[in-house]
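The values are calculated or read from the model by the stated rules, or taken from the named source; none is laboratory data. Quick caveat, the model's predicted, so the values are computed rather than measured. Cβ atoms come from the backbone with ideal geometry, glycine included; neighbour counts cover every protein chain shown.
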């Protein structure tokens, strides 16, 4: 099969389209013909550059979220059959990889930048009728995490105010929609007017351009000086984090699963304890949230924001675009096109 292989860490050009053996599914595994896989800043670009926080073994085929069609099943597989359209989970096992933590697809095992990928059958989810592979890949990548962070970790309640940072990004746009699905009132914050508009188009009740407006002052104005109940902050830039944190009202919760802006931020400890605030760092999702997210997409209640779709051979270009933060929405590779 054809696959994008990383044999040394470095810039996007280290990725090469190669002929490699097609994997064979083992016990409990399925082989998937990949139709779509998205390009992610941390799980793809940072991994390829050799800057990921946990050890990565080379050679590696990247790709954390492929979707496609089951074309072979291994011994003992009963929950999937040939022809099933499926998405894949990021965590291929709970067993610790080198450096601790679960084993991740496209990080600790060969991923979806390939014509075929094998994964544990139990780590796949069925795609509902009416949902295409590109939408399924984008929705399944971020929406379940957004639901888990907001509902399970931040304990978001209907009617509460949520500030979503980076509202036009992959996780941010999912956060806007998950919060609205859960009955919250949403402020979409982004660094350009057109990106704020993306959040508003997805259902946000208000928007703030944090590059041209004072984020904290605007949030307080919108919420009648009370502040928000929850901040969905997945950027980790020092200036933005401080402004978002200051936007929390009493007993507010800030939840984060990202640090693309650097990750080292100031923390006002006086505000933290005096206002009884909570800062929660978390990743992951619940299996049932994959089903919920895809069904919401099938019902038109959850949208995938896609910037462009490229053939597999253009993976280096896709990485360059993601690192330049060009465009709005996810960049997706189609391994059915070489």
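Only one of (1) outside any loop (DSSP other than H, G, I, E, B); (2) closer than 24 Å to residue 250 by Cα is not met by residue 236, so which one is it?
Among (1) outside any loop (DSSP other than H, G, I, E, B); (2) closer than 24 Å to residue 250 by Cα, residue 236 violates only (1).
Looking at 79, 122, 115, can you tell me which residue is in contact with a helix residue (DSSP H, G or I) (Cβ under 7 Å, 6 or more places away or on another chain), assigned by TED's automatic domain parsing to the domain that holds residue 19, farther than 17 Å from residue 47 by Cβ and surrounded by fewer than 20 Cβ atoms within 10 Å (Cβ to Cβ)?
After applying the criteria, what remains is 79.
Please verify whether the stretch 183-203 includes one or more residues that are on the phi > 0 side of the Ramachandran plot and out of contact with any helix residue (DSSP H, G or I) (no Cβ under 6 Å at 6 or more places or on another chain).
yes
Could you please find all residues in the stretch 132-175 being under 20 Å from residue 334 (Cα atoms) and crowded, with 24+ Cβ neighbours inside 10 Å?
Answer for the stretch 132-175, where residues must be under 20 Å from residue 334 (Cα atoms) and crowded, with 24+ Cβ neighbours inside 10 Å: 136, 137, 138, 139, 140, 141, 142, 170.
Scan (1) surrounded by fewer than 21 Cβ atoms within 10 Å (Cβ to Cβ); (2) under 21 Å from residue 150 (Cβ atoms); (3) at pLDDT below 90 for the single condition residue 226 breaks and write down its number.
(3)
Could you check the stretch 203-223 and list, in sequence order, the residues that are within 22 Å of residue 153 (Cβ to Cβ) and crowded, with 23+ Cβ neighbours inside 10 Å?
Once the filter is applied, which keeps residues that are within 22 Å of residue 153 (Cβ to Cβ) and crowded, with 23+ Cβ neighbours inside 10 Å, the stretch 203-223 yields 204, 219.
Would you point out which residue out of 246, 206 is touching a helix residue (DSSP H, G or I) at 6+ places or on another chain (Cβ under 8 Å) and closer than 23 Å to residue 151 by Cβ?
Unique residue meeting the criteria: 206.
Rundown of residues vs (1) at pLDDT 95 or above; (2) closer than 15 Å to residue 171 by Cα, yes/no style:
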{"site": "268", "(1), (2)": "no, no"}
{"site": "283", "(1), (2)": "no, yes"}
{"site": "286", "(1), (2)": "no, no"}
{"site": "289", "(1), (2)": "no, yes"}
{"site": "293", "(1), (2)": "no, yes"}
{"site": "305", "(1), (2)": "no, yes"}
{"site": "310", "(1), (2)": "yes, no"}
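Condition (residue is under 18 Å from residue 235 (Cα atoms) and surrounded by fewer than 18 Cβ atoms within 10 Å (Cβ to Cβ)) applied to the stretch 302-315: is it met by at least one residue?
The answer is no; no qualifying residue exists.
Out of 249, 263, 258, report the one residue that is over 25 Å from the mean Cα position of the chain (by Cα), outside any helix (DSSP H, G or I) and surrounded by 13 or more Cβ atoms within 10 Å (Cβ to Cβ).
After ruling out the rest, the residue left standing is 249.
Search the stretch 316-338 for residues being farther than 24 Å from residue 8 by Cα and surrounded by fewer than 22 Cβ atoms within 10 Å (Cβ to Cβ), and hand back the single one that is nearest to the chain's Cα centre (by Cα).
329
Listed residues 86, 73; which is surrounded by 22 or more Cβ atoms within 10 Å (Cβ to Cβ) and within 22 Å of residue 121 (Cβ to Cβ)?
Result of the check over 86, 73: 86.
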